[in-house]
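The values are calculated or read from the model by the stated rules, or taken from the named source; none is laboratory data. Not measured: the values here are computed from a predicted model. Because the Cβ atoms are built from the backbone with ideal geometry, glycine has one as well, and the counts that use them run over all protein chains shown.
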Amino acid sequence: MAEKKKMSVADILAAARKTDGGSAASEEPAQAESAQAESAAAPVENESAADASPKPTGTKSTGKAKPAKSASGGRLSVAEMMAMARGEKAGGTAEKPATKKPAAGKPKPAAKKTAAAKAAPAEPRDTASILAAARKSSKAGPMSKAEAAAKEKADPKAKAKPKIIVPPMPSKPAYAMPTPAAAKSKSKGAGQEERRDFLWVGFGALAAVTGIWSLASLKFLFPNVRREPPSKFKVGFPDAFPAGQVQTKFKAQYGVWVANAEYNGQAQIYALKSVCTHLGCTPSWLDAEQKYKCPCHGSGFYKDGINFEGPAPRPLERCAIRIADDGQIEVDKSRIFQEEMGQWEDPSCYIPV
Ligand code: FES
């Protein structure tokens with residue numbers, strides 16, 4: 001029949017006295033040992049009875065064991081003993097209360113455990129140390145590329161790749177060599193390229209001609225207007241026209257001569273149109289001959305514009321002339337004065353000098 005091993009209060013107290021190192025154990029070793037032996041040999045019923053009805057520690061089990069003393073030399077209280085027992089239990093050295101009593105002559109398992117715990121007390125282990133131990137024991141898992149590269153860099157000989165020797169390429173066989181037909185087709189392709197270039201040149205020329213024609217056609221969008229000189233213009237101050245002189249410098253731009261000469265015995269500055277009264281040709285002033293001469297049919301005019309030779313039927317025409325506000329002579333070609341009409345008497349066609 002298996003015997004239950006359960007530590008009684010007396011056992012706990014005895015263990016507490018042992019760990020105390022103490023005085024009580026050294027003082028009364030015989031009593032403690034006898035108490036332990038008695039408690040081990042005592043029937044379960046007695047223990048349960050003792051547990052059920054606790055008694056003072058001094059009278060527990062043997063009734064002969066002397067009570068333990070406190071650090072102060074006095075007797076240990078029950079609370080102190082329990083505290084000591086609990087502290088020992090928390091440290092891993094205390095043994096669990098046995099549920100079965102060992103057979104006589106065999107060592108108690110609890111006692112074995114207690115001895116091993118006392119021989120090598122368990123060290124406190126934190127989470128980091130436990131994880132490190134687990135990693136050490138576990139196999140290395142798959143490495144990332146970076147880890148593999150770092151490992152290879154650290155130990156390049158470990159993973160040195162063997163050199164791959166590539167054999168040289170074999171020479172082309174005869175059937176793979178280019179044939180005359182292929183060469184001919186190649187030359188045919190060159191001819192096609194030349195034709196393509198010629199087409200590109202033709203398209204470029206056509207585009208250029210089209211662009212020029214478009215620009216030329218734009219001219220028809222604008223009217224072909226002839227720019228006429230203004231009808232009124234200034235020819236300078238009266239001092240610039242000395243007596244007896246004919247100024248020809250305005251003929252090309254304005255189509256008039258400005259002269260300072262006498263008409264009917266009166267010195268005047270006047271402007272004559274450089275248009276022949278025959279058929280509209282442009283005569284020229286001949287200073288050596290002191291006359292206007294038409295190159296078309298030979299009509300001739302005096303300095304004052306009266307016709308005297310050739311087919312011209314009448315004198316030259318005068319333009320309106322006046323002194324402007326700034327003192328310069330202003331000619332107005334929009335107003336014409338004819339001598340045969342008696343219009344040269346109008347002071348608007350001369351400036352008296
Ligand atoms: Fe001047 Fe005939 S146009 S003479």
query: Is at least one residue of the range 262-271 over 19 Å from G244 (Cα atoms) and either modelled with pLDDT under 95 or crowded, with 19+ Cβ neighbours inside 10 Å (or both)?
result: no
task: Being of a type in the set (F, W, Y), touching a residue at least 24 places away in the same chain (Cβ under 8 Å) and away from the ligand (no atom under 16 Å from the Cβ) narrows it down to one of F241, F220, so name that one.
output: F241
- prompt: Inside the range 196-243, can you point out the residues that are more than 60 Å from the chain's Cα centre (by Cα), part of a helix (DSSP H, G or I) and surrounded by 10 or more Cβ atoms within 10 Å (Cβ to Cβ)?
  reply: P238, A240
